[in-house]
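J.: Below are the structure tokens for one structure; questions will follow.
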Amino acid sequence: MKQGAVIKFIARWVVATISIYAIAWLFPGIIQIDDFSTAIWAGLALGFLNAIVRPILIVFTLPATILTLGLFILVINALMLYLVGALVAGVHVTSFGSAFLGALLISILSSVIHFVLFPEERRLHVQIKRNL
């Protein structure tokens, strides 16, 4: 693994950890985290689930994703957060509805943090050329 890839992985892990902890602190009814070290493990577990399990689920649920115009991806994200709650001791997700809302909020917050901290990784580049 290259050094750049390791740094990217650690950066994503830190952003996921901060996002999970912030959402748990702001909305304690959605997801509950015992302490910050638990949030670190939850961020790592969420990263691994998103890297390994999520792509497999996306392939298997492709028809549902196409029929819902991509909205079924939100259900998959909720399932990933629900699995984190089942796998990591100290992470409590009360229901699938809480997992759905929590995953949505964590995704939004993570995207905002990535947008602010890593402007070089923005995927959309618009360049307008004018011929005078």
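Bear in mind that the values in this text are calculations on the coordinates, not laboratory data. Every value quoted in this text rests on a predicted model; they were computed, and no experiment measured them. Note that we place each Cβ from the backbone using ideal geometry, even for glycine, and neighbour counts take in every protein chain shown.
J.: With viscosity set to 1.567 mPa s and temperature to 4 °C, compute the Stokes-Einstein D of segment 7-109, Rh being the Kirkwood radius across alpha carbon pairs; µm²/s, no decimals.
T.: It diffuses with D of about 95 µm²/s by this estimate.
J.: Sticking with this structure for a sec: For a Förster distance of 22 Å, can you work out the FRET efficiency between the beta-carbons of Leu104 and Ile7, rounded to the nearest 0.05?
T.: Here the calculated transfer efficiency is 0.20.
J.: Can you order the peptides 78-84, 111-117 by their average number of other Cβ atoms within 10 Å per residue, highest first?
T.: My ranking of the peptides, most packed first, is 78-84, 111-117.
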